[in-house]
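Read-outs throughout are calculated quantities, based only on the coordinates presented, and are distinct from any laboratory measurement. Owing to the predicted nature of the structure, the values given are computational and were not obtained by experimental measurement. Cβ coordinates were reconstructed from backbone atoms using ideal geometry, including for glycine residues, and neighbour counts include every protein chain displayed.
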Amino acid sequence: MIQVDMAAYGAGLSSATNTSVGGLYDTKADDKLGTKLGLRQTYRWNYLGACAYVTSGDGICNSTSFGHAFVPLAAILSDTPAKFTNQTTDIIPTSTFKNNSYNKSLSRVAFWTAFVRIHIFCFPPDPCAETMTGFAVYNQIGACAALVAFIAGVIPNRVTFLVAALATIISAVGLCIGAAIWTVLIDKNDFLNIVKVQGGKSLGIHVTAGPALLLEGPSVLAQGIALLASGNRL
């Protein structure tokens with residue numbers, strides 16, 4: 001959903017500190033994340049986890065968790081070698097990017113609105129639910145509604161077609177809200193894209209939309225087509 005490009009950060013850090021940044025990056029794609037072996041060139045977050053990629057394009061993902069939070073600073077610092085940790089913390093200006101609490105909360109809201117689930121109806125409670133502080137109802141608005149729409153849509157009955165249409169609307173609205181929240185997160189965090197360091201050089205951290213977010217538009221369009229199909233059967 002969100003991509004953070006760190007490829008130019010080494011040059012920015014070197015310019016700001018007038019020191020060598022040898023060892024800042026990890027070139028081994030299969031090294032585990034969060035082990036301070038070095039930054040990767042690119043980081044991407046989605047609903048279930050985060051992945052990081054080296055220059056070759058190869059990468060590795062962390063363990064999958066339901067409703068994985070977007071916490072870019074924490075992720076980056078967990079990979080940053082110890083000798084660069086303080087410099088990295090200091091060089092990144094006070095901004096939303098450094099606010100792990102804000103990013104975590106909003107990204108989890110995006111997740112739970114994009115994937116509808118009322119846990120007692122669709123699925124049993126999962127272990128990760130304990131981490132969803134503030135979301136005791138466990139609503140995931142898209143997946144469950146989409147499932148209901150699919151099941152109801154194949155049964156040739158006016159009532160089921162109506163149910164399918166309503167479920168499709170709920171699913172599309174949830175998906176739109178989730179995408180809107182991710183867009184807000186990008187807008188709040190991409191301030192770093194214009195940050196300059198000593199000598200007018202870019203800081204080298206760039207926040208953009210990830211590939212997954214770009215697919216949400218076609219998903220909503222597909223649901224719109226499905227809604228029209230359901231409506232024509234009523």
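A few notes on this one:
- N86-K201 FRET efficiency (beta carbon distance; Förster radius 25 Å; 0.05 resolution): 0.80
- Listed by chain and number, the lysines placed with their C-alpha closer than 23 angstrom to that of K196 are K83, K98, K188; residues fewer than eight positions away on the same chain are left out.
- A straight line joining the Cα centroids of the stretch 184-211 and the stretch 1-52 runs 14 Å.
- Estimated vicinal HN-Hα couplings, Hz - the stretch 51-57 in sequence order (Karplus 6.51, -1.76, 1.60; Gly, Pro = x): 10, 9, 10, 8, 4, 5, x
- Potential extension, N100-K36 segment - 0.36 nm per residue separation minus Cα distance: 21.2 nm
- Listed values for the stretch 24-32 are Karplus-derived 3J(HN,Hα) couplings in whole Hz (6.51 cos²θ - 1.76 cosθ + 1.60, θ = phi - 60°), namely 5, 9, 9, 9, 9, 5, 8, 5, 5, and x replaces Gly and Pro.
- Between amide H atoms placed 1.01 Å from N, distances below 5 Å from G34 occur with D79, all of them 5 or more places distant or on a separate chain.
- In sequence order, the stretch 77-92 has phi-based couplings of 5, 5, 9, 5, x, 3, 5, 10, 4, 5, 5, 5, 4, 6, 6, 7 Hz under the Karplus curve 6.51 cos²θ - 1.76 cosθ + 1.60, θ = phi - 60°, and Gly or Pro positions carry x.
- Close amide H pairs (under 5 Å, H built 1.01 Å from N) link I2 with W45, G210, residues at least 5 positions away or on another chain.
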